Amino acid sequence: MKRIMLAATCLAAVTAAPPLRAEDFTTFRVMAPSLALDMAQAALTACRDRGFQVAVAVVDRFGVTQVVLRDTLAGAHTPDTALGKARAAVSFRTPTEELSNITQAGQANSAIRHIPGYIFLGGGVPVESAGSVVGGIGISGAPGGPEDDVCARAGIAAVEDRLLM
């Protein structure tokens, strides 16, 4: 009798649940760790070739760390700074070189500079695949944001064919 009651209760629970609707869910792409690592290594090499010792961080579409690389002589602050730039780029879906300009003191968006864990200096770039942001890359350690930005974009360019898939 207990089994029959339990079965009836389970059946009632299943049939009482609202139906699943496709519009209640979303599908998205996420970079595999191998792609993130290859991108980071390419960016590190691009900076090395330019004579810069840097740190590189790659985050997924949600700003969660996938890869952090620090070159031998890069400063102790560079991994955290690179990560903050990558997070800012992916969260705001805008390169941090641009965010740096529009968040200066006196600008309408200056308050976002105070969000903990986000860095609004050049060197963070969103990573796109098939029209969607799938992650972000950040560089720290080159002599200025524009140089960091060049290295970040070189990392993306090195895996561009894989991002197009």
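The values are calculated or read from the model by the stated rules, or taken from the named source; none is laboratory data. Just so it is clear, the model here is predicted, and its values are computed rather than measured. Please note: Cβ atoms are built from the backbone with ideal geometry, for glycine as well, and neighbour counts cover all protein chains shown.
What the table below lists for this structure:
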item	result
Criterion: of a type in the set (S, T, N, Q), modelled with pLDDT of 95 or more and more than 12 Å from the chain's Cα centre (by Cα) - qualifying residue of Thr94, Thr78, Thr103	Thr78
Enumeration of residues in the range 52-77 that are under 14 Å from Ser140 (Cβ atoms) and acidic (Asp, Glu)	Asp71
Complete set of residues in the range 51-75 that are out of contact with any strand residue (DSSP E or B) (no Cβ under 8 Å at 6 or more places or on another chain) and either without any contact (Cβ under 8 Å) to a residue 60 or more places away in the chain or in a helix (DSSP H, G or I) (or both)	Gly51, Phe62, Val64, Thr72, Leu73
Flag if Arg93 is touching a residue at least 12 places away in the same chain (Cβ under 8 Å), farther than 24 Å from Glu160 by Cβ and in contact with a strand residue (DSSP E or B) (Cβ under 6 Å, 6 or more places away or on another chain)	no
Flag if Arg48 is at pLDDT below 95, basic (Lys, Arg) and either crowded, with 16+ Cβ neighbours inside 10 Å or assigned to a helix (DSSP H, G or I) (or both)	no
Within the range 30-45, tally of residues that are surrounded by 14 or more Cβ atoms within 10 Å (Cβ to Cβ) and under 18 Å from Asp161 (Cα atoms)	11
Residues of the range 134-165 classified as outside any helix (DSSP H, G or I), surrounded by 19 or more Cβ atoms within 10 Å (Cβ to Cβ) and of a type in the set (A, V, I, L, M), total	5
Filter result for Gly117 (surrounded by 24 or more Cβ atoms within 10 Å (Cβ to Cβ) and of a type outside the set (A, V, I, L, M))	no
